[in-house]
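Shown next, in structure tokens, is the structure this report addresses.
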Amino acid sequence: MLEKIIVKGKEVKLPIFCPDATRGVVRSLSSQDLNNAQVKGVIVNTWHLHQKPGEIKLAQLGGIKKLMNYNELVISDSGGFQVFSLFQKKSDFGKITDEGLITYTGKNKQKRLLFTPENSIQMQFAIGSDIMICLDDFTPPEADEKRQIESVERTLAWAKRCKNEFLKKCQENKLSEKNRPWLFGVIQGHRNLELRRYCARELLKIGFDGFGLGGWLFDENGKLDLSICAANAKLTPDDLPRYALGFGKPDEISQLSRQGYTIFDCVLPTRDARHGRFYISDAVSEKGYQFLHINKGKYEMDNLPIDPNCDCQTCQNHSRAYLHHLFKIGDSAFYRLATIHNLRFYTHWCEQEQK
């Protein structure tokens, strides 16, 4: 497994977990909170930042790092999965074509907005991210073979367009190999190994700095299909980073790290925090951790920290009783303190995987 990468001259230790900072913020946290929780990287969303503040304004502001006042690793997701999710929820929102992603601004579809692979790369340069992700066609979980093939072919066509635009922007900005951002391609193919082999082989021909594990890889019981993940990892060279896009349960991080994946992201630690679910270490548990549900009445008078073994700002300064109280009254301070703890649990988990 890769132990580190150097992007834009800065060393990044692996594996790394990057919390979701979709619109340039990890919900309820400041950049200083992220630093205190020892978060070494975040992932922002190209599509959402394209909507607001937009490419021109973000470029004028000096990029997302300057806007956030955050100097660690920033990855920009292409936005493809988020738009796909919107299409799934609301079919008249838009459609996916070979040209790009089309969204409609009104109920009668009187105006359409096109978001192309070139637009995605242009926006990611405005963001100023360290690692950029090619726009890809996410394979729907229920896709038949025809749709799976379409997804792979479109992903490959878009990857070529992304790479061409990426090289063009690097040249325009006079970026050298040492100070340019990295570009990752995404391997699609659903749970069809032959399609994944084909997708990976063609992406390798185009040439990328790393590769993302794309698609919905959970079985009928909602369990991650580790055999597919392992087979996918073997499709790319060991000296290039592998990014498990959207995967990030602590035990999944450990399992996938052993397969060679080194970059992870997901919404779980921040979402769980907002719902009162705290991650705490548990050496006895098979997974190595368990949840503490702060809404339970037994914590009303509990003066222990959330996790006595945790060095986060929340555990060092506040009790379970206080967190229980904040949760019950619905105070916004709860979201901040809970998120700080869960993210520090994740960063500590990755630190242990680095050893």
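Which of (1) out of contact with any Cys (no Cβ under 6 Å at 6 or more places or on another chain); (2) farther than 24 Å from Asn164 by Cα; (3) buried (at least 16 other Cβ atoms within 10 Å of the Cβ); (4) not charged (D, E, K, R) does Ile127 not meet, given it meets every other one?
Result: Ile127 fails condition (2) only.
Quick check on Thr22: is it touching a His at 6+ places or on another chain (Cβ under 8 Å), in the same structural domain as Leu73 (by TED's automatic domain parsing) and within 27 Å of Ser257 (Cα to Cα)?
yes
Taking only region 107-164 into account, find how many residues are among the aromatic types (Phe, Trp, Tyr), part of a helix (DSSP H, G or I) and either under 24 Å from Phe17 (Cβ atoms) or out of contact with any Lys or Arg (no Cβ under 9 Å at 6 or more places or on another chain) (or both).
Matching residues across region 107-164 total 1.
Looking at region 282-331 only, could you name the residues that are in contact with an Asp or Glu (Cβ under 6 Å, 6 or more places away or on another chain) and not in a helix (DSSP H, G or I)?
If the condition is that a residue be in contact with an Asp or Glu (Cβ under 6 Å, 6 or more places away or on another chain) and not in a helix (DSSP H, G or I), then Lys287, Tyr289, Gln290 are the ones that fit.
Within region 172-198, which residues are more than 19 Å from Ile131 (Cβ to Cβ) and more than 22 Å from the chain's Cα centre (by Cα)?
Of everything in region 172-198, those that are more than 19 Å from Ile131 (Cβ to Cβ) and more than 22 Å from the chain's Cα centre (by Cα) turn out to be Glu172, Lys174, Asn192, Leu193, Glu194, Leu195, Arg197, Tyr198.
Assess whether Asp282 counts as being exposed (fewer than 13 other Cβ atoms within 10 Å of the Cβ) and not assigned by TED's automatic domain parsing to the domain that holds Ile133.
no
Just wondering, is there one or more residues in region 156-176 that are closer than 27 Å to Leu101 by Cα, among the small types (Gly, Ala, Ser) and either touching a Cys at 6+ places or on another chain (Cβ under 7 Å) or in contact (Cβ under 8 Å) with a residue 24 or more places away in the chain (or both)?
So far as region 156-176 goes, yes, one or more of its residues are closer than 27 Å to Leu101 by Cα, among the small types (Gly, Ala, Ser) and either touching a Cys at 6+ places or on another chain (Cβ under 7 Å) or in contact (Cβ under 8 Å) with a residue 24 or more places away in the chain (or both).
Which members of region 14-65 meet the condition of being part of a helix (DSSP H, G or I) and more than 25 Å from Cys134 (Cβ to Cβ)?
Hits for region 14-65 are Ser31, Gln32, Asp33, Leu34, Asn35, Asn36, Gln60.
The values are calculated or read from the model by the stated rules, or taken from the named source; none is laboratory data. From a predicted model like this one, the values you see are computed outputs, not experimental measurements. Here the Cβ is made from the backbone with ideal geometry for all residues, glycine too, and neighbour counts use every protein chain on show.
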